[in-house]
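Down below is the structure, laid out as structure tokens.
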Amino acid sequence: MIRFRDKQLPETGGLLMAIVNRTPDSFFDRGRTYGLQAALDRVDEVVAQGAHIVDVGGVKAAPGEEVPVAEEVRRVVEVVEAVRDRHPGVVLSVDTYVPEVADAACAAGADLVNDAWGAPHPETAAVAASYGAGLVCTHAGGAAPRTRPHRVEYDDVVAHVVDTLTGLAEAAVAAGVPRESVLIDPGHDFGKSSRHSLQVTARTDALVATGWPVLMALSRKDFVGEVLDLPPDDRLEGTLAATALCAWQGARVFRCHDVVATARVLAVVDAVAGRRDLAVGKRGLA
């Protein structure tokens, strides 16, 4: 079971986490949803497309200009407050590793804290717990937030990811986060080379075997781009290939820019795996 506050998600099949960036400089959308109305319009769109979770971020993951905490709070909370009224049933996630931002967003109605940098502030888990909210535990290999990896080495990257994430997940539960409200994310590209990210993708089953629901944030990332030698705008097909591989192995939640395309991939994978029926069955029956 996956539950965030009072919202229980379907027990089988792939789940869609739509990305809504309130940033002027994100690597893919480059500010398209920075304005408040543009962000709200995008939320309306992805909810209509079937997103189970909407992930709102106020600071880009890559290096760049420092964003004061008060400004990150403003960017995120404006969206959370408005969306909570417009879409009371959708799970609202805040993409932050900063406890003060998590606190303000949860107070405004967020259901999930997406800590994408490996818990640089351990108290963030306690903030989520104080609201009964969920937490995404992410492997970043000890990298400082908003830094790029440099000559990163692991004896066994998959084992390191599994050990780190199970530890973070159990620590979150010990801090009071409900066990059914914890997700684990191997953190593609974060503290990893592209080869590391490919290895983790190939061994998604090792993450699934931990028993924690697995979130994959694959969308248009550099490991896809380095396989294809293509920029973010041209990485959709590669993203969807990685999505299918991870879904087949049992990953549950997919953080994505392209909601409709991702939903269609997950539907076919789930049908092949026997986790869903045909939408319509006609062939060979007439």
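Does the stretch 141-157 include one or more residues that are of a type in the set (A, V, I, L, M, F, W, C) and on the phi > 0 side of the Ramachandran plot? Full working, then the answer.
Going through the stretch 141-157, the residues of a type in the set (A, V, I, L, M, F, W, C) turn out to be 143-144, 152, 157.
Next, only the ones that are on the phi > 0 side of the Ramachandran plot stay: none.
No, because not a single residue in the stretch 141-157 is of a type in the set (A, V, I, L, M, F, W, C) and on the phi > 0 side of the Ramachandran plot.
Can you say whether residue 82 is modelled with pLDDT of 95 or more and surrounded by fewer than 22 Cβ atoms within 10 Å (Cβ to Cβ), as far as the supplied structure shows? Quick ask: steps written out before the conclusion?
On the way: modelled with pLDDT of 95 or more: yes; surrounded by fewer than 22 Cβ atoms within 10 Å (Cβ to Cβ): yes.
Answer is yes for this residue.
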Restricting attention to the stretch 128-149, report how many residues are closer than 17 Å to residue 111 by Cβ and not aliphatic (A, V, I, L, M). 5
State whether one or more residues within the stretch 18-26 are in contact with a strand residue (DSSP E or B) (Cβ under 8 Å, 6 or more places away or on another chain), surrounded by fewer than 23 Cβ atoms within 10 Å (Cβ to Cβ) and of a type in the set (Lys, Arg). no
Between a first residue in the stretch 99-113 that is over 11 Å from residue 76 (Cβ atoms) and touching a residue at least 60 places away in the same chain (Cβ under 8 Å) and a second residue that is of a type in the set (S, T, N, Q) and assigned to a helix (DSSP H, G or I), which pairs have beta carbons less than 8 Å apart while being 6 or more apart in sequence or on different chains? 112/181
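Restricting to the stretch 173-190, and then to whatever is part of a helix (DSSP H, G or I) and touching a residue at least 12 places away in the same chain (Cβ under 8 Å), can you tell me which residue is nearest to the chain's Cα centre (by Cα)? Talk me through it step by step, then tell me what you get.
We begin by selecting, within the stretch 173-190, every residue part of a helix (DSSP H, G or I); these are 173-174, 179-181.
Still in the running and touching a residue at least 12 places away in the same chain (Cβ under 8 Å): 180-181.
Numbers: 180: 16, 181: 14 Å.
Selected residue: 181.
Only one of these is touching a Ser or Thr at 6+ places or on another chain (Cβ under 8 Å) and either within 20 Å of residue 147 (Cα to Cα) or small (Gly, Ala, Ser) (or both): 82, 105, 70. Name it.
Details: 82 fails: touching a Ser or Thr at 6+ places or on another chain (Cβ under 8 Å); 70 fails: touching a Ser or Thr at 6+ places or on another chain (Cβ under 8 Å).
Being touching a Ser or Thr at 6+ places or on another chain (Cβ under 8 Å) and either within 20 Å of residue 147 (Cα to Cα) or small (Gly, Ala, Ser) (or both) holds for just one of 82, 105, 70, which is 105.
For the stretch 32-71, enumerate the residues that are part of a loop (DSSP other than H, G, I, E, B), over 18 Å from the mean Cα position of the chain (by Cα) and over 27 Å from residue 265 (Cβ atoms).
The answer is 34, 35, 63, 64, 65, 66, 67, 68.
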The condition from (1) assigned to a loop (DSSP other than H, G, I, E, B); (2) loosely packed, with under 14 Cβ neighbours inside 10 Å that residue 163 misses is numbered (1)
So residue 135 clears everything in (1) closer than 22 Å to residue 64 by Cα; (2) part of a strand (DSSP E or B) except one condition, right? Which one? (1)
Could you grab me the full set of residues in the stretch 114-148 that are out of contact with any Lys or Arg (no Cβ under 7 Å at 6 or more places or on another chain) and farther than 23 Å from residue 160 by Cα? 126, 127, 128, 129, 130, 131, 134
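The values are calculated or read from the model by the stated rules, or taken from the named source; none is laboratory data. Just so it is clear, the structure is predicted and the values come from calculations on it, not from any experiment. Quick reminder, even Gly has a Cβ in these numbers, built from the backbone with ideal geometry, and neighbours come from all protein chains shown.
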